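Before any comments, here is the structure.
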Amino acid sequence: MTSPIDIEGGGASVVVDGTPGPETKSEPVKLAGRSPGQLMWLRFKRDRTGVICAVVVIGYFVVALLAPLLVKLSGTDPYTLYGQDPTYADKPVLDEFGLPLGYLGGVSGDHWFGVEPQYGRDLYAMLLYGMRTSLYMALGITVLIMVTGILIGLIGGYFGGRTDYWIGRGTDFFLSFPQQLFFIAFMPVVTSFFVNPREETPTYFRALAMLIVLWLLGWMGMARLVRSTVLSLREREFVEAAKVSGASPWRIVRKEILPNVVTPILVQFTYQLPSTILSIAFLSFAGVGFVEPTPDWGRLFAAGARYAEQDPAFMFFPGVALVIFVLCFNLLGDSVRDAFDPKSGR
């Protein structure tokens, strides 16, 4: 039978069968605290779906960044007309009707994803360069949208009163525009102000015009989300305590409020980026975005719609690539949300 432990002076004396054992010194247990960011990262790493989707999304951006190198490995480029250039007459890729030779749109050792009907351009090179154009342009537009929405939402939500009222009315004004119809109608107007209609519109100017239109009509959702979050935070005790201590509004917003709106901002970013990519693709598909010969995801779908009856395989690789990217980014957004807020677990 074991006797109770006798604790004396910070040590422990164990008595077994009436004989006191050696005194041992107890050491304090050190508990390592974790920040909210560390806890979020630990929860995210346990989400296998989120990790896989994050790897896929990062892989897309890496592939887009290395597109020139990867295209060189295939020995092709997105601008050469392999079906019309006499230099490649000894390696025909199109038949007499202008359709790709071979199976699945002309897939071969020279053209890994096949070729474009009528022209014979390499689809692998066009897709990689199209991803490069769409992804990095969408990333820039999304960052502008997020920054603008965060600033406007913080100002309106924190200061309230007349400031919030007029910001709210301005937001409602921009929300009143039908976005897709406005994209189609406004893009030619923007270009006609600066480019002679008889001249070809430069690609950089088309990119700038799309950036302006998508930015001006895209920040409102982020602004409303941040505003509603700030309105609930500005009445909390820690904000009132900061005001009583004499902290400036800028310090309160930067130190007390902004760290508490990081979660909705990150989640909204993961939804906004694929939405922006689809908007860019829509503009190019409608003929008011990127045009020939600039490679772009939307232009590939526009070309695929023309070739759907003769060569349905032309749409396969661009379509699969876009679906995988948008799906993984949306699933990544769900995983980020769950990692920040474990109570919302699926």
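List, please: which pairs have Cβ atoms under 8 Å, are six or more places apart or on different chains, and start with a residue in the range 245-257 that is within 18 Å of T229 (Cα to Cα) and part of a helix (DSSP H, G or I) and end with one that is open to solvent by 90 Å² or more (accessible area, probe 1.4 Å) and hydrophobic (A, V, I, L, M, F, W, C)?
Every condition considered, the pairs that remain are P249/F159.
Can you find even one residue in the range 203-212 that is open to solvent by 30 Å² or more (accessible area, probe 1.4 Å), among the polar types (S, T, N, Q) and more than 20 Å from L273 (Cβ to Cβ)?
Scanning the range 203-212 turns up at least one residue that is open to solvent by 30 Å² or more (accessible area, probe 1.4 Å), among the polar types (S, T, N, Q) and more than 20 Å from L273 (Cβ to Cβ).
Taking D311 as meeting all but one of (1) open to solvent by 20 Å² or more (accessible area, probe 1.4 Å); (2) more than 13 Å from the chain's Cα centre (by Cα); (3) not small (G, A, S), write down the number of the exception.
Single failed check for D311: (1).
Taking the condition of being surrounded by 14 or more Cβ atoms within 10 Å (Cβ to Cβ), among the aliphatic types (A, V, I, L, M) and assigned to a loop (DSSP other than H, G, I, E, B), how many residues in the range 67-89 meet it?
1
The rows are residues; the columns are (1) within 18 Å of I277 (Cβ to Cβ); (2) of a type in the set (D, E, K, R); (3) in a helix (DSSP H, G or I).
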position	(1), (2), (3)
F183	yes, no, yes
S192	no, no, yes
G218	yes, no, no
L225	no, no, yes
T229	no, no, yes
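Do we have A305 as open to solvent by less than 20 Å² (accessible area, probe 1.4 Å) and either aliphatic (A, V, I, L, M) or within 19 Å of V291 (Cα to Cα) (or both) here?
It is false that A305 is open to solvent by less than 20 Å² (accessible area, probe 1.4 Å) and either aliphatic (A, V, I, L, M) or within 19 Å of V291 (Cα to Cα) (or both).
Consider L283 against the criteria (1) surrounded by fewer than 18 Cβ atoms within 10 Å (Cβ to Cβ); (2) under 28 Å from A125 (Cα atoms); (3) of a type in the set (A, V, I, L, M, F, W, C): it satisfies all of them except one. Which criterion is unmet?
(1)
Would you pick out the residues in the range 117-132 that are over 14 Å from F325 (Cβ atoms) and either of a type outside the set (K, R) or without any contact (Cβ under 8 Å) to a residue 12 or more places away in the chain (or both)? Write out each step before concluding.
Of all residues in the range 117-132, those over 14 Å from F325 (Cβ atoms) come to 117-126, 129.
Selection gives P117, Q118, Y119, G120, D122, L123, Y124, A125, M126, Y129.
Do we find that A185 is small (G, A, S), surrounded by fewer than 15 Cβ atoms within 10 Å (Cβ to Cβ) and closer than 27 Å to F285 by Cα in this structure? Walk me through how you get there before you give the answer.
Details: small (G, A, S): yes; surrounded by fewer than 15 Cβ atoms within 10 Å (Cβ to Cβ): yes; closer than 27 Å to F285 by Cα: yes.
Considered against the rule, which asks whether it is small (G, A, S), surrounded by fewer than 15 Cβ atoms within 10 Å (Cβ to Cβ) and closer than 27 Å to F285 by Cα, A185 comes out as yes.
Among the residues of the range 90-120, count how many are crowded, with 20+ Cβ neighbours inside 10 Å and within 28 Å of I58 (Cβ to Cβ).
Here the count works out to 3.
In the list L31, L39, which residue meets the criterion of being part of a helix (DSSP H, G or I), at pLDDT below 85 and open to solvent by 60 Å² or more (accessible area, probe 1.4 Å)?
Result: L39 is the single residue among L31, L39 that is part of a helix (DSSP H, G or I), at pLDDT below 85 and open to solvent by 60 Å² or more (accessible area, probe 1.4 Å).
If I filter the range 323-346 down to residues being in contact with a helix residue (DSSP H, G or I) (Cβ under 6 Å, 6 or more places away or on another chain) and farther than 19 Å from V261 by Cα, which single residue comes out as modelled with the lowest pLDDT?
G345
Applying the selection to the range 236-248, what residues are within 19 Å of L151 (Cα to Cα) and surrounded by fewer than 13 Cβ atoms within 10 Å (Cβ to Cβ)?
Answer for the range 236-248, where residues must be within 19 Å of L151 (Cα to Cα) and surrounded by fewer than 13 Cβ atoms within 10 Å (Cβ to Cβ): just S248.
Just give me the residues in the range 258-298 being more than 20 Å from the chain's Cα centre (by Cα) and free of Cβ contacts under 8 Å to residues at least 60 places away in the same chain, in sequence order.
Passing the criteria: P259, N260, F285, G287, E292.
With of a type in the set (V, I, T), in a helix (DSSP H, G or I) and either under 30 Å from V115 (Cβ atoms) or in contact with a Leu (Cβ under 7 Å, 6 or more places away or on another chain) (or both) as the only criterion, which of T263, T276, T294 stands out?
T276
Across the range 109-155, what is the number of residues that are within 18 Å of the chain's Cα centre (by Cα), aliphatic (A, V, I, L, M) and farther than 30 Å from A223 by Cβ?
1
The values are calculated or read from the model by the stated rules, or taken from the named source; none is laboratory data. This structure is a prediction, so every number in the text was calculated from the model and none was measured. Cβ: placed from backbone, ideal geometry, glycine included. Neighbour counts: every protein chain shown. Side chains are part of the model used for accessible areas, which takes the heavy atoms of the whole protein and leaves out ligands, DNA and RNA. Shrake-Rupley method; radii C 1.70, N 1.55, O 1.52, S 1.80 Å.
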